Amino acid sequence: MSSSALRFLATRLRERRRTLGTRGRRLSPGRQALLTLAYLRNGQPYAQLAAGFGVGTTTVHRYVNEAVDPLASLVPTLAEAARAASTKAADD
């Protein structure tokens, strides 16, 4: 996993926490980003991630769900993807 992806996600999580006024988290935004990217890349079970990061499985679930939102905002909508595919097909 790239360090730029880790930094990007950690920055978004830090901003989100600041906006929500979140306090007292077990993991820093950087560690939450690492946990999430490890899950998304390797598909590690929540129990394994929980043990490795020293948190509960419920916390892993919540952290992954929180981190997926900023990542999902980067993905094009279905309509945008269809338009791009149509344009590329027409160019060929």
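The set of residues from the range 44-55 being part of a helix (DSSP H, G or I) and either among the charged types (D, E, K, R) or open to solvent by less than 70 Å² (accessible area, probe 1.4 Å) (or both) comprises 46, 47, 49, 50, 52, 53.
Of the residues screened, residue 71 is one that is open to solvent by less than 60 Å² (accessible area, probe 1.4 Å), closer than 26 Å to residue 19 by Cβ and not aromatic (Phe, Trp, Tyr). When each of 14, 41 is tested for being part of a helix (DSSP H, G or I), open to solvent by 30 Å² or more (accessible area, probe 1.4 Å) and without any contact (Cβ under 8 Å) to a residue 24 or more places away in the chain, the lone residue that passes is 14. Does residue 58 satisfy being open to solvent by 50 Å² or more (accessible area, probe 1.4 Å) and assigned to a helix (DSSP H, G or I)? Spelling it out, residue 58 is indeed open to solvent by 50 Å² or more (accessible area, probe 1.4 Å) and assigned to a helix (DSSP H, G or I).
The values are calculated or read from the model by the stated rules, or taken from the named source; none is laboratory data. Every value quoted in this text rests on a predicted model; they were computed, and no experiment measured them. Cβ atoms come from the backbone with ideal geometry, glycine included; neighbour counts cover every protein chain shown. Accessible surface areas use protein heavy atoms only, side chains included; no ligands, DNA or RNA. Shrake-Rupley method; radii C 1.70, N 1.55, O 1.52, S 1.80 Å.
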